[in-house]
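Accompanying notes for the structure given below.
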Amino acid sequence: MIRLAMAMLPFALLGACHGSKNTIADKVEKNADRRAAAMEEASQSMTNALERNAVAQQADIIRSAGKDRADAIRDSDLKAGTLTKDQQNTLVAGKSVGGTPAPAGR
């Protein structure tokens, strides 16, 4: 969660856009749910039980990570009104933000 908070810092100073951090968080969660559901649907046609189980576990991880990211956004000091649409989409997609400092010790 610290890495996500660090990734969002540059956004606080840029752009102007509409939407709240709750809207962004909801989109993050829905995006993760859609990805997980697509993986679960694809796993239904797998004949190998181990592969099917692995994909189901990955879907659970994606769904859980999406919820964690959404909660971090909701709990943050993010000023969503200062984000451009591209910046909001970057957050929703979970893409890396360039120029973000690495955590100490790396």
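The values are calculated or read from the model by the stated rules, or taken from the named source; none is laboratory data. All of these numbers come straight from a predicted model, not from anything done at the bench. Calculation scope for accessible area: heavy atoms of the full protein, side chains included, ligands and nucleic acids excluded. Shrake-Rupley method; radii C 1.70, N 1.55, O 1.52, S 1.80 Å.
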Of every hundred units of 1.4 Å-probe accessible area on region 18-59, the number belonging to carbon and sulfur atoms, as a percent, is 50 percent
Return, for the Cα atoms of region 31-74, the radius of gyration and Dmax in Å, separated by a comma.
-> 11.7, 40
